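J.: Got a structure for you, written out below as structure tokens; questions coming shortly.
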Ligand SMILES: *Cc1c(COP(=O)(O)O)cnc(C)c1O
């Protein structure tokens, strides 16, 4: 264990299951550890580094903004905040934006909005329907929204007002809808849950149901947003117009920022209803504006769609050669490889040894969420490392 790792054990709250690597530098789709070893990064800081590490467009924007104005209070207008809000609205079906600092906070804001909406428009309804195996963040309310009993158990009692129902079942949502319901909140692809896609027919039916019942349809695009699935936002592939969308991860090019976007109809907040000291600050918004501008101007979503299809085809080729690799799933550059046995930890450690970072999203599946700017050669390199690791792990299992 290196000195930094020993110090971490001593001083840091032990909540992360870390891999034995201390990263000190990154560029593009590559990172380096303290010994100078190079890794191809297919974790991308948890689907955050959509433009790769230290992208010049982001670095320049942060540097320039840091010299100009880092922070002010939200009592004042600031330029980057307005620029980023305008860009988001002009490139989506939404009319208004609120900025915060993380995905959990974005979802909290969306739920507060839904509760006010329920109070005003639905007789005080306050309950939000979410799905099992979802992930919406780590605040107390988002732990209640996240449909994973083992995340919830240690923190009970949880805030009331959430109902977790099976994913991909319209009937479950219909049955859970009562006079108390004000919204349905969904991930279009359950990312942390293991890369499970919502059935397009289900998404359209949920959207219709929400419209009929007067419920807000909230999509949590914290992981799927900013080009990751092949379009700027994933909802664009489902032929639906949600009322609310939440963003975070990829929005700031690595700088912490979250947002929720809302249609005018549902924009029920008034001055004083919601806020955040850091939310929408000039530094984070300048990073977001530079990131989103680059993503849009260079059709990064289109690239993610094409390279994602290429990578998925190459992974499917691997699947056909290892009978214990049972499925490749996901869209764009949010992919998972499923095994019929619990070997993901061994696969992750094997890849690490050979210079590839991947995420063991469940005991029996790995998730790939590389920067969206990866080249075909980088996809090939990742597949070739994975091939060699699968061969070793497979041989050991026999
Ligand atoms: C990561 C994630 C969150 C939580 O975001 P934080 O920034 O960690 O609070 C919420 N929803 C989804 C879908 C996510 O992937």
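The values are calculated or read from the model by the stated rules, or taken from the named source; none is laboratory data. Not measured: the values here are computed from a predicted model. As a convention, Cβ positions derive from the backbone with ideal geometry for all residues, glycine included, and neighbour counts pool all protein chains shown.
J.: Taking the conditions exactly as written (modelled with pLDDT of 95 or more and under 20 Å from residue 103 (Cβ atoms)), does residue 40 satisfy them or not? Full working, then the answer.
T.: Values: modelled with pLDDT of 95 or more: yes; under 20 Å from residue 103 (Cβ atoms): no.
So residue 40 does not fit the description; no.
J.: If you scan region 285-306, which residues turn out to be within 22 Å of residue 99 (Cα to Cα) and either surrounded by fewer than 19 Cβ atoms within 10 Å (Cβ to Cβ) or in contact with a helix residue (DSSP H, G or I) (Cβ under 6 Å, 6 or more places away or on another chain) (or both)?
T.: So in region 285-306, the residues within 22 Å of residue 99 (Cα to Cα) come out as 285-296.
Across region 285-306, the qualifying residues are 285, 286, 287, 288, 289, 290, 291, 292, 293, 294, 296.
J.: Residue by residue through region 285-305, note down the ones that are without any contact (Cβ under 8 Å) to a residue 12 or more places away in the chain and part of a helix (DSSP H, G or I).
T.: We begin by selecting, within region 285-305, every residue without any contact (Cβ under 8 Å) to a residue 12 or more places away in the chain; these are 297-299.
Once the filter is applied, which keeps residues that are without any contact (Cβ under 8 Å) to a residue 12 or more places away in the chain and part of a helix (DSSP H, G or I), region 285-305 yields only 297.
J.: Could you tell me which of the residues 190, 223 is more than 25 Å from residue 299 (Cβ to Cβ), surrounded by 20 or more Cβ atoms within 10 Å (Cβ to Cβ) and near the ligand (Cβ under 10 Å from one of its atoms)? Full working, then the answer.
T.: On the way: 223 fails: more than 25 Å from residue 299 (Cβ to Cβ).
Selected residue: 190, the only one of 190, 223 that is more than 25 Å from residue 299 (Cβ to Cβ), surrounded by 20 or more Cβ atoms within 10 Å (Cβ to Cβ) and near the ligand (Cβ under 10 Å from one of its atoms).
J.: With 86, 64, 81 as the choices, which residue is surrounded by fewer than 13 Cβ atoms within 10 Å (Cβ to Cβ) and touching a residue at least 60 places away in the same chain (Cβ under 8 Å)? Please lay out each step first, then the result.
T.: On the way: 86 fails: touching a residue at least 60 places away in the same chain (Cβ under 8 Å); 81 fails: surrounded by fewer than 13 Cβ atoms within 10 Å (Cβ to Cβ).
Matching residue, one of 86, 64, 81: 64.
J.: Residue by residue through region 340-384, note down the ones that are under 16 Å from residue 319 (Cβ atoms) and in contact with a strand residue (DSSP E or B) (Cβ under 6 Å, 6 or more places away or on another chain). Walk me through it before giving the result.
T.: We begin by selecting, within region 340-384, every residue under 16 Å from residue 319 (Cβ atoms); these are 340-341, 343-344, 347, 358, 364-368, 379, 382-384.
Within region 340-384, 340, 344, 347, 358, 364, 365, 366, 367, 368, 382 qualify.
J.: Here is a further query. Please give the number of the condition residue 178 fails out of (1) more than 16 Å from the ligand (Cβ to nearest atom); (2) in contact with a helix residue (DSSP H, G or I) (Cβ under 7 Å, 6 or more places away or on another chain).
T.: (2)
J.: Within region 53-93, how many residues turn out to be assigned to a helix (DSSP H, G or I), over 21 Å from residue 267 (Cβ atoms) and out of contact with any helix residue (DSSP H, G or I) (no Cβ under 6 Å at 6 or more places or on another chain)? Walk me through how you get there before you give the answer.
T.: Pass one, region 53-93, residues assigned to a helix (DSSP H, G or I): 56-68, 79-90.
Filter once more, so that each one left must be over 21 Å from residue 267 (Cβ atoms): 56-68, 79-80.
Subset that is out of contact with any helix residue (DSSP H, G or I) (no Cβ under 6 Å at 6 or more places or on another chain): 56, 59-60, 63-64, 66-68, 79.
Going through region 53-93 one residue at a time, the tally reaches 9.
J.: Among the listed residues 255, 184, identify the single one that is surrounded by fewer than 24 Cβ atoms within 10 Å (Cβ to Cβ) and in contact (Cβ under 8 Å) with a residue 24 or more places away in the chain.
T.: On the way: 184 fails: surrounded by fewer than 24 Cβ atoms within 10 Å (Cβ to Cβ).
The conditions single out 255.
J.: Would you call residue 197 within 12 Å of the ligand (Cβ to nearest atom) and within 20 Å of residue 248 (Cα to Cα)? Step through it out loud before you land on a result.
T.: Working: within 12 Å of the ligand (Cβ to nearest atom): no; within 20 Å of residue 248 (Cα to Cα): yes.
It is false that residue 197 is within 12 Å of the ligand (Cβ to nearest atom) and within 20 Å of residue 248 (Cα to Cα).
Residue by residue, here is whether (1) closer than 25 Å to residue 55 by Cα; (2) surrounded by 16 or more Cβ atoms within 10 Å (Cβ to Cβ); (3) without any contact (Cβ under 8 Å) to a residue 40 or more places away in the chain; (4) within 13 Å of the ligand (Cβ to nearest atom) holds:
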site: 212; (1), (2), (3), (4): no, no, yes, no
site: 229; (1), (2), (3), (4): yes, yes, no, yes
site: 270; (1), (2), (3), (4): no, no, yes, no
site: 283; (1), (2), (3), (4): yes, yes, no, no
site: 308; (1), (2), (3), (4): yes, yes, no, no
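J.: Select from region 239-265 the residues that are within 16 Å of the ligand (Cβ to nearest atom) and out of contact with any strand residue (DSSP E or B) (no Cβ under 7 Å at 6 or more places or on another chain) and write down the one among them that is farthest from residue 50 (Cα to Cα). Give the derivation first.
T.: So the first thing to find is which residues in region 239-265 are within 16 Å of the ligand (Cβ to nearest atom), and the list is 242, 244-261.
Within this subset, residues satisfying the condition of being out of contact with any strand residue (DSSP E or B) (no Cβ under 7 Å at 6 or more places or on another chain) are 249-250, 252-256.
Details: 249: 9, 250: 6, 252: 9, 253: 7, 254: 8, 255: 12, 256: 13 Å.
Going through the qualifying residues, I end up with 256.
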